[in-house]
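No value in this document is a laboratory result; all are computed from the given coordinates. Quick caveat: nothing in here was measured; it's all calculated off a predicted structure. With ideal geometry, Cβ positions are generated from the backbone for all residues, glycine too; neighbour counts draw on all protein chains shown.
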Ligand code: ADP
Ligand code: ZN
């Protein structure tokens with residue numbers, strides 16, 4: 001027999017910097033292997049952890065170590081590459097390995113369970129059995145005959161939902177039909193379509209696919225920089241097909257609002273293979289089964305949002321990150337990783353190619369491409385017949401406005417609607433009005449828990465805080481002076497919708513924002529109205545900015561692009577430019593040429609002028625030069641130490657202690673800036689402050705953080721505040 005290891009290093013969720021040491025379990029059960037789950041005692045509880053190392057020595061005396069309870073897996077659940085990715089991430093983001101691994105695993109697996117067998121979502125009539133024979137076998141079973149007839153009426157396949165309409169216990173009868181092999185169960189990710197035909201790629205697409213295909217089997221990073229509608233998705237699909245032909249799997253990451261049923265359908269139909277779809281809205285059983293299907297290689301393509309990055313793959317061959325500039329790849333709480341950046345790490349570790357695609361690449365990726373680390377692929381023309389839209393600035397100064405619409409924009413809308421076009425308006429503010437003002441004393445309705453104003457929602461008759469979720473019935477009197485003359489000031493999407501209905505009574509209007517899409521399926525229904533042309537005017541917040549192919553949209557209006565020009569965050573202008581380009585990309589995607597109108601009070605703003613005259617790339621070059629001068633990312637590196645508490649003093653004081661702790665560790669070229677209050681200091685009743693670490697050299701920053709981090713937990717105020725460390729923060733709020 002092999003000599004068993006004497007010490008197990010086990011990652012357990014919790015605030016432990018590293019793995020915990022245990023003795024091997026006594027008694028029966030699988031023997032410990034790296035990557036297997038294991039039950040361990042922790043205090044008075046039992047927890048499930050993952051074995052990440054075997055050793056013969058420990059820093060603790062043997063007699064102080066406890067024995068693990070039981071190994072749960074006879075073969076590792078996590079393979080070595082997934083484990084080393086998690087370990088890399090734990091080191092880089094200075095986050096506990098147990099927490100990182102807990103985040104990698106679906107809940108049931110993390111708890112030491114195993115998901116129930118394949119959930120059956122639908123049944124299909126078995127066509128291998130001739131009709132007469134089928135009828136004969138259910139002659140004496142009227143219930144079964146009725147169900148077969150019902151399924152035949154539905155086209156031969158019926159889902160659980162469709163059968164639920166039947167009275168009584170249909171499951172028993174369905175089970176008997178399955179036992180007789182008259183029905184075949186189909187599970188969700190097994191519904192494999194016959195692959196559909198791809199369009200012939202144009203020259204640029206073909207060159208991109210050829211370049212990617214040539215690297216299958218080795219490591220390379222591509223920045224696929226293609227204008228909206230240039231056919232990036234077709235490039236992904238061709239690269240995926242090549243990967244599948246090599247009998248390899250692929251991982252496709254998309255932004256949170258990009259993972260639409262239409263997108264999944266497009267991939268499923270084109271690839272004709274088993275997909276595993278992974279997103280946070282999945283029931284855990286489905287998530288765990290999809291995860292296991294990817295791990296054992298039966299799902300060939302994993303398509304998912306941020307956390308899908310950690311899905312183990314039996315035979316990895318390619319990673320794709322679509323809309324790589326999107327903010328949703330960065331997790332904003334807990335384990336604050338960036339899935340786009342970790343995709344680069346994962347592709348390097350696996351020795352496979354990675355494709356980062358966008359019409360508006362992040363400055364980070366453009367910088368990497370410029371430095372030669374990424375290979376820059378361009379798609380400069382729209383695929384098919386579509387032409388790029390014409391973009392115009394509308395000067396708002398001195399103009400009379402109706403719910404934020406200038407007379408010229410209303411005129412242009414009328415023209416497009418008369419010519420049977422579709423109009424898309426973009427306003428990044430939901431609700432009826434962002435400010436409620438007392439006409440008598442000038443007081444503004446504010447959230448009592450945040451440094452923020454309450455937004456008036458008229459249909460609901462409520463005032464709501466968009467930052468903490470506080471809400472109350474609409475005020476009837478001013479809270480300061482009791483006056484009853486309350487004025488709503490400014491406009492949100494709800495008000496714009498009302499005004500549009502008055503201005504264009506003959507056209508249906510669809511509003512798409514968080515309020516109108518809260519109900520499940522509401523988003524699909526609204527988009528359906530837009531697709532079918534029933535609704536001619538669409539308005540929405542940035543939810544509407546991307547991912548949706550609306551071929552009849554001929555006019556796009558951006559009501560207020562000034563918000564982004566003067567934002568507090570150094571990335572505000574980059575985001576505004578990305579938004580303008582992405583929203584504009586909604587215009588004229590098919591045969592119909594599009595027009596875009598941007599309303600602004602600052603038509604001479606250099607960013608707008610540069611963007612409109614010379615395009616996104618010229619804008620990005622200029623922005624990069626500016627970042628270089630300022631030592632800001634991607635030309636410098638940041639980490640943000642945040643702290644918050646119910647009073648303003650402790651967060652500030654904790655960060656001052658952290659700064660004193662860090663000062664002797666900071667070398668030349670590393671600055672500690674702050675502490676300062678967060679841009680919105682009070683949120684949900686907590687005061688927030690931050691200390692910024694800035695350094696020109698990423699490795700120096702990492703060394704500094706590694707030395708600072710252990711001491712933070714021991715600072716006198718560490719238990720009085722909630723604190724977190726954000727490496728490469730995307731958001732300075
Ligand atoms: P992107 O992802 O760059 O926005 P898509 O891949 O969605 O672009 O393509 C935009 C539209 O052009 C889609 O309707 C797509 O079917 C079509 N398309 C893409 N490539 C071609 C091609 N080579 N020939 C014809 N149509 C194409
Ligand atoms: Zn609030």
Original post:
Measuring from the lowest to the highest alpha carbon on each principal axis, how far does the stretch 359-425 reach, largest first, in angstroms?
Top reply: 50, 33, 15
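If I stretch the segment between residue 133 and residue 283 completely, what's the gain in nm (0.36 nm per residue apart, minus their alpha carbon distance), one decimal?
50.1 nm
Would you mind putting 325-334, 124-133 in packing order, based on average other-beta-carbon counts within 10 Å, highest first?
Result, highest mean Cβ count within 10 Å first: 325-334, 124-133.
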Original post:
Taking Cα centroids, how far is the stretch 677-723 from the stretch 461-494 in Å?
Top reply: 35 Å
Original post:
Within the stretch 397-419, what residues put their amide N at less than 18 Å from the label point 7 Å along the Cα-to-Cβ vector of residue 507?
Top reply: 402-419
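Taking the beta-carbon count within 10 Å as an exposure proxy, list 668, 247 from fewest neighbours to most. Walk me through the intermediate numbers first.
Numbers: 668 5, 247 10.
The most exposed by this proxy come first: 668, 247.
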**OP:** Grab the beta carbon distance between residue 373 and residue 697, set R0 = 22 Å, and tell me the FRET efficiency rounded to 0.05.
**Re:** 0.85
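For the stretch 238-333, what is the convex hull volume of its Cα atoms per residue in Å³?
Taking only Cα atoms, the stretch 238-333 has a hull volume of 94 Å³ per residue.
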Subject >> Virtual paramagnetic centre 7 Å along Cα→Cβ of residue 401, amide N under 12 Å, in the stretch 596-635 >> reply: 599-602
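Tell me, what does the Kirkwood hydrodynamic radius of the stretch 203-379 come to in angstroms if you use every pair of distinct C-alpha atoms? Each step should come with its number before you reach the end.
Numbers: mean 1/r = 0.0626 Å⁻¹.
Hydrodynamic radius (Kirkwood, Cα only) of the stretch 203-379 equals 16.0 Å.
If the viscosity is 1.306 mPa s and the temperature 10 °C, what Stokes-Einstein diffusion coefficient in µm²/s follows for the stretch 58-201 when Rh is the Kirkwood radius over Cα pairs?
78 µm²/s
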Original post:
How long are the three semi-axes of the equivalent ellipsoid for the stretch 637-727, computed from the Cα gyration tensor as the root of 5 times each eigenvalue, in whole Å, largest first?
Top reply: 23, 14, 10
Subject >> Relative packing of peptides 103-115, 698-710 - highest average C-beta neighbours within 10 Å first >> reply: 103-115, 698-710
Original post:
Taking every DSSP beta bridge that has both residues in the chain, what percent is antiparallel when rounded to the nearest 5?
Top reply: 55 percent
**OP:** Describe numerically, in nm with one decimal, the distance between label points set 7 Å from Cα along Cα→Cβ at residue 262 and at residue 218.
**Re:** 3.9 nm
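So how do 584, 159, 488 line up by other beta-carbon neighbours within 10 Å, fewest first? Don't skip to the answer; put the middle values down first.
On the way: 584 28, 159 14, 488 19.
Listed from fewest to most nearby Cβ atoms, that is 159, 488, 584.
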Original post:
Efficiency by 1/(1 + (r/R0)^6): what FRET value for residue 246 and residue 179, r their Cβ-Cβ distance, R0 = 56 Å, to the nearest 0.05?
Top reply: 0.90
**OP:** For the stretch 397-498, calculate the relative contact order in percent as a whole number, restricting contacts to Cα pairs under 8 Å that are 6 or more residues apart.
**Re:** 31 percent
Subject >> Full-stretch length increase - residue 207, residue 622 - with 0.36 nm per residue and alpha-carbon distance subtracted >> reply: 146.6 nm
Subject >> Estimated translational D of the chain in µm²/s (Stokes, Kirkwood radius over Cα pairs; 20 °C; 1.002 mPa s) >> reply: 74 µm²/s
**OP:** Could I have the simple spin-label model distance between residue 113 and residue 673, label points 7 Å from Cα toward Cβ, reported in nm to one decimal?
**Re:** 4.8 nm
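Ranked highest first by the average count of other Cβ atoms within 10 Å around their residues, in what order do 624-634, 718-728, 299-309 fall? Could you put the intermediate results ahead of the total?
On the way: 624-634: 15.2, 718-728: 18.6, 299-309: 24.2.
So the peptides 624-634, 718-728, 299-309, ranked by packing, come out 299-309, 718-728, 624-634.
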Subject >> Sequence of 88, 123 once ranked by neighbouring C-beta atoms within 10 Å, starting from the fewest >> reply: 88, 123
Original post:
Rg and Dmax of the stretch 122-186 over Cα atoms: what are they, in angstrom?
Top reply: 10.5, 29
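How fast does the stretch 7-110 diffuse by Stokes-Einstein, in µm²/s, taking the Kirkwood radius from C-alpha pairs at 37 °C and 0.692 mPa s?
241 µm²/s
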